[in-house]
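Colleague: This is the structure, below, for whatever I ask next.
The values are calculated or read from the model by the stated rules, or taken from the named source; none is laboratory data. Just so we're clear, the structure is a prediction, and the values are computed from it rather than from any experiment. Heads up, the Cβs are rebuilt from the backbone with ideal geometry, glycines too, and the neighbour counts pull from every protein chain shown. We work out accessible area using only protein heavy atoms, side chains counted, and drop any ligands, DNA or RNA first. Shrake-Rupley method; radii C 1.70, N 1.55, O 1.52, S 1.80 Å.
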Amino acid sequence: MAKNTICLWFDKDALEAAEFYAATFPDSAVHEVHYAPGDYPSGKEGDIITVHFTVLGIPCIGLNGGPAFKHSEAFSFQVATDTQEETDRYWDAIVGNGGEESECGWCKDRWGISWQITPRTLSEAMSAGGDEAKRAFAAMIQMSKIDVAKIDAARRV
């Protein structure tokens, strides 16, 4: 077991979410499924209670804790992409599987987990600072899914 693991609270769909992440992202897998040894406040003995999985190499536990808590944008996975095709693939998988678009490279999956699909060219522009960062930022704030070509063009102006 990893020393530090992200625990994500789900109503009842931790395994479904973990399987989706494993099918969508490289270096991702479902490792263990644990079942409740007895009844508990939001479920019964034998229900899936936790799922151990990795997302892009990050160890996670999905906890089927019931409807008491919801995800928010205060937590997100940030995925660095190298090309528009990679950006499109992840964005389209998340949004196309019952998720929703947001702004500036953010989207939310159908379980309410927020994702930042961030092309490296945008991160590089922001790290460069100065006018390059200002131009890239101005281009980004007009986007939902990040358009790599438009960010690259803004960097060069």
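Colleague: Can you say whether VAL51 is β-branched (Val, Ile, Thr), outside any loop (DSSP other than H, G, I, E, B), within 18 Å of the chain's Cα centre (by Cα) and within 14 Å of PHE10 (Cβ to Cβ), as far as the supplied structure shows?
Modeller: Answer is yes for this residue.
Yes/no matrix, rows are residues, columns are (1) outside any loop (DSSP other than H, G, I, E, B); (2) of a type in the set (Gly, Ala, Ser); (3) in contact with a helix residue (DSSP H, G or I) (Cβ under 7 Å, 6 or more places away or on another chain):
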position: ASN4; (1), (2), (3): no, no, no
position: GLU19; (1), (2), (3): yes, no, no
position: ASP27; (1), (2), (3): no, no, no
position: LEU63; (1), (2), (3): yes, no, yes
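Colleague: Then there's this: Considering only residues that are of a type in the set (S, T, N, Q), in a helix (DSSP H, G or I) and either farther than 16 Å from GLN84 by Cα or at pLDDT below 95 (or both), which ones fall in region 105-157? Walk me through how you get there before you give the answer.
Modeller: So the first thing to find is which residues in region 105-157 are of a type in the set (S, T, N, Q), and the list is 114, 116, 118, 121, 123, 127, 142, 144.
Still in the running and in a helix (DSSP H, G or I): 121, 123, 127.
Result: SER127, single match.
Colleague: Moving to a separate point now. Sort out which residues of region 94-104 are assigned to a loop (DSSP other than H, G, I, E, B) and crowded, with 20+ Cβ neighbours inside 10 Å, and write them in order of number. Break it down stepwise before answering.
Modeller: Keep residues of region 94-104 that are assigned to a loop (DSSP other than H, G, I, E, B), which gives 97-99, 102-104.
GLY99, the sole residue that qualifies.
Colleague: If ALA29 satisfies every condition in (1) open to solvent by less than 50 Å² (accessible area, probe 1.4 Å); (2) under 28 Å from ASP147 (Cα atoms); (3) not basic (Lys, Arg) but one, which is the exception?
Modeller: Failed condition: (2).
Colleague: Condition first: part of a strand (DSSP E or B), farther than 11 Å from GLY112 by Cα and either in contact with a helix residue (DSSP H, G or I) (Cβ under 8 Å, 6 or more places away or on another chain) or open to solvent by less than 70 Å² (accessible area, probe 1.4 Å) (or both). Now tell me which residues in region 72-86 satisfy that.
Modeller: Scanning region 72-86 gives PHE77, VAL79, ALA80, THR81.
Colleague: Within region 9-20, is there a residue that is open to solvent by less than 50 Å² (accessible area, probe 1.4 Å), out of contact with any Asp or Glu (no Cβ under 7 Å at 6 or more places or on another chain) and more than 19 Å from ASN97 (Cβ to Cβ)?
Modeller: No: zero hits.
Colleague: Could you identify the single residue in GLY38, GLY46 that is small (Gly, Ala, Ser), in contact with an Asp or Glu (Cβ under 6 Å, 6 or more places away or on another chain) and assigned to a loop (DSSP other than H, G, I, E, B)?
Modeller: Criteria check complete, one pass: GLY38.
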